[in-house]
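A quick write-up on the structure given underneath.
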Amino acid sequence: MAESEQQAGSSPEDDRPTIPLNLNFVVPKKEISMVPDMGKWKRSQAYSDYMGFVLTLNEAVKGKKLTCEFNVSETIDNLLSLLGTLDRWIDETPPVDQPSRFGNKAYRTWYGKLEQEAEALVSTVIPADKHAAVPEIAVYLKESVGNSTRIDYGTGHEAAFAAFLCCLCKIGALRVEDQLAIIFKVFDRYLRVMRKLQKTYRMEPAGSQGVWGLDDFQFLPFIWGSSQLIDHPTLEPRHFVDEKAVNEHHQDYMFLECIKFINEMKTGPFAEHSNQLWNISAVPTWSKVNQGLIRMYKAECLEKFPVIQHFKFGSLLSIQPVKP
């Protein structure tokens with residue numbers, strides 16, 4: 001199953017621009033307006049490309065530490081600079097005094113800056129000959145940081161950032177040799193900026209199932225993070241509920257970094273505040289954890305109408321059915 005999806009999807013494995021040069025870029029828009037439309041999504045080129053991207057990167061990071069050596073291209077540096085700008089804007093936009101504890105309205109000011117500057121930011125990471133793609137790809141960046149009306153953030157926003165990176169691969173801005181840096185540099189930096197947003201503006205989890213969800217905000221770092229730990233000589237799934245093991249190894253493994261953040265944000269027994277993760281700690285191997293999380297991601301995120309109704313489709317991630 002995974003192999004066929006990987007072949008069907010465009011991914012950073014294709015070390016060349018995968019788009020025809022005469023492609024007409026369009027501003028992405030919503031296409032899933034009712035539950036019956038979900039079939040269109042699952043048959044779409046976008047679903048195939050997106051899942052292919054996730055699975056290719058899952059394979060690339062297998063057994064590797066965040067601290068290992070890897071190529072860092074100019075595009076990766078430009079992406080890190082872009083994320084650094086978003087981080088700096090948080091410092092420049094402190095929370096305001098307000099009666100309600102959650103959803104600080106200063107977030108809307110921060111988001112307004114991004115809305116205004118998104119295309120200028122994205123143009124710094126796209127080759128000059130692909131500049132026509134900027135308005136299309138910038139939409140995914142704007143969608144990836146949360147919702148400014150509800151002041152919330154969830155796995156749909158995270159998916160928009162993965163879609164943003166997938167589009168950069170499709171136009172050839174990111175290449176096969178960037179695979180590790182996409183996760184270990186760019187996605188890791190994105191996570192840090194999102195955690196800062198969530199903490200600073202007390203953002204609500206979008207559509208969280210609370211204790212019965214995997215995590216209030218993220219999902220992909222658990223997939224890629226569990227792949228990093230496959231065949232680890234000493235760390236087993238049961239160890240991630242041990243705070244000592246987490247504190248010792250979180251700098252090397254994205255999964256443990258996520259657990260560390262949960263430990264900082266939540267109080268009480270782990271089994272009570274993060275029941276789904278607690279259950280995962282009983283799975284015997286990391287490869288089984290990884291396979292289970294991929295299945296869960298499809299079922300709980302990609303096949304859920306409340307998440308996918310917000311996804312936007314353009315020329316790079318198209319609603320058109322996969323060509324046989």
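Can you name the condition, by its number, that residue 207 falls short on among (1) within 19 Å of residue 265 (Cα to Cα); (2) of a type outside the set (S, T, N, Q); (3) open to solvent by less than 30 Å² (accessible area, probe 1.4 Å); (4) not in a helix (DSSP H, G or I)?
For residue 207, the failing item is (3).
For segment 141-165, how many residues are open to solvent by less than 20 Å² (accessible area, probe 1.4 Å), without any contact (Cβ under 8 Å) to a residue 60 or more places away in the chain and not aliphatic (A, V, I, L, M)?
So the answer is 4.
Return the residues of segment 175-185 that are out of contact with any Pro (no Cβ under 9 Å at 6 or more places or on another chain) and buried (at least 23 other Cβ atoms within 10 Å of the Cβ); say none if nothing qualifies.
Within segment 175-185, 184 is the sole residue that qualifies.
For residue 50, which of the numbered conditions (1) part of a loop (DSSP other than H, G, I, E, B); (2) surrounded by 20 or more Cβ atoms within 10 Å (Cβ to Cβ) fails to hold?
Result: residue 50 passes all but (1).
Is there any pair with a first residue in segment 122-140 that is open to solvent by 40 Å² or more (accessible area, probe 1.4 Å) and a second that is of a type in the set (Ser, Thr, Tyr) whose Cβ atoms are under 8 Å apart and which are 6 or more apart or on different chains, and what are they?
124/81; 131/123
Within segment 31-47, work out how many residues are over 15 Å from residue 304 (Cα atoms) and either assigned to a helix (DSSP H, G or I) or open to solvent by 90 Å² or more (accessible area, probe 1.4 Å) (or both).
The number of residues fulfilling the criteria is 2.
Restricting the first residue to segment 219-238 and requiring it to be closer than 13 Å to residue 256 by Cα and in a helix (DSSP H, G or I), which pairs with a second residue that is of a type in the set (Lys, Arg) and open to solvent by 40 Å² or more (accessible area, probe 1.4 Å) meet a Cβ separation below 8 Å and a spacing of at least six or different chains?
Correct list of pairs: 227/62; 228/62; 228/64; 228/65.
The values are calculated or read from the model by the stated rules, or taken from the named source; none is laboratory data. Bear in mind that the values here come from a model prediction, so they are computed numbers and not experimental data. Note that we place each Cβ from the backbone using ideal geometry, even for glycine, and neighbour counts take in every protein chain shown. Surface areas here come from the heavy atoms of the whole protein model, side chains and all, with no ligands, DNA or RNA. Shrake-Rupley method; radii C 1.70, N 1.55, O 1.52, S 1.80 Å.
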